[in-house]
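The structure appears below as structure tokens.
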Ligand SMILES: N[C@@H](CCC(=O)N[C@@H](CS)C(=O)NCC(=O)O)C(=O)O
């Protein structure tokens, strides 16, 4: 089966787990523990040289990293990826937005606030990210005032990519509740068939730790 490398707490890994669950693709997970620095370990860099999760390994041994690229690969010929160039471009537009204007602020502040042991040292960075992250939520809010989804007309990879860190943005100090259209969209996304929560295991097989595998 397909192997997924990553930890449950990571929103970037969650994007892939959510799609795997919604497409009912069997897989096993190998835990790569961020708190223990495992993404940067020599063993994991042999799998993904950039030292970041997620990565997947196909049954034939090919490895793919970058959550957006993995989503794209797995969603071919499914309803999650539109079949027109215009529809695909709309989905990509929001996936690129997520990676450049959303995740670097919202995911990073969540990470710093939850996992950093020296908050004084990062106070300025957190404050700057708070401004940029709010701007991203405001952009989403304006779009969602007259759209149900981020792609053209239906739930797609764009919604999966943006859901991952938006639904835990409050953990990064962001006022999601003050964005009612975003709140409505989060509720719609959660109601999609086979939705799973961030900490919900999707691997049908026992989870391995990175160090235990060969
Ligand atoms: N652009 C990448 C970002 C991946 C990323 O930043 N992953 C984080 C976890 S969410 C990571 O592995 N960080 C390295 C570390 O913690 O050492 C993607 O979308 O897959």
Notebook entry, point to check: Out of (1) surrounded by 12 or more Cβ atoms within 10 Å (Cβ to Cβ); (2) modelled with pLDDT under 95; (3) over 21 Å from residue 8 (Cβ atoms), the odd one out for residue 184 is which?
Noted result: (2)
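Can you tell me which residue within segment 28-40, out of those that are surrounded by fewer than 19 Cβ atoms within 10 Å (Cβ to Cβ) and touching a residue at least 40 places away in the same chain (Cβ under 8 Å), is farthest from the ligand (Cβ to nearest atom)? Reasoning before the result, please.
So the first thing to find is which residues in segment 28-40 are surrounded by fewer than 19 Cβ atoms within 10 Å (Cβ to Cβ), and the list is 28, 33-37, 40.
The next check asks that each one be touching a residue at least 40 places away in the same chain (Cβ under 8 Å); those that pass are 28, 33-35.
Working: 28: 19, 33: 9, 34: 4, 35: 9 Å.
Checking each candidate, the answer is 28.
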Notebook entry, point to check: In segment 41-76, how many residues are assigned to a loop (DSSP other than H, G, I, E, B), closer than 19 Å to residue 164 by Cβ and more than 9 Å from the ligand (Cβ to nearest atom)?
Noted result: 1
Note to self: For segment 42-63, which positions are closer than 17 Å to residue 208 by Cβ and in contact with a helix residue (DSSP H, G or I) (Cβ under 7 Å, 6 or more places away or on another chain)?
What the structure shows: 43, 44, 53, 54, 56
Notebook entry, point to check: Among the residues of segment 9-57, which ones are closer than 13 Å to residue 197 by Cα and in contact with a strand residue (DSSP E or B) (Cβ under 8 Å, 6 or more places away or on another chain)?
Noted result: 13, 16, 17, 20
Item checked: Output for segment 103-134, where each listed residue is in a helix (DSSP H, G or I), more than 15 Å from the ligand (Cβ to nearest atom) and exposed (fewer than 13 other Cβ atoms within 10 Å of the Cβ) -> 120, 121, 123, 124, 127, 128, 131
Next item on the list: Any residue in segment 55-78 that's within 18 Å of residue 22 (Cβ to Cβ): show its pairings with residues that are in a strand (DSSP E or B) and more than 15 Å from the ligand (Cβ to nearest atom) at Cβ separation under 7 Å, as long as the two are six or more apart or on different chains.
Entry: 56/2; 56/3
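I need the full set of residues from segment 184-199 which are touching a residue at least 40 places away in the same chain (Cβ under 8 Å) and in a loop (DSSP other than H, G, I, E, B), in order please.
192, 193, 194, 195, 196, 198, 199
The values are calculated or read from the model by the stated rules, or taken from the named source; none is laboratory data. Since this is a predicted model, take the numbers as computed values, not measurements. In this analysis, Cβ positions are derived from the backbone assuming ideal geometry, glycine residues included, and neighbour counts consider all displayed protein chains.
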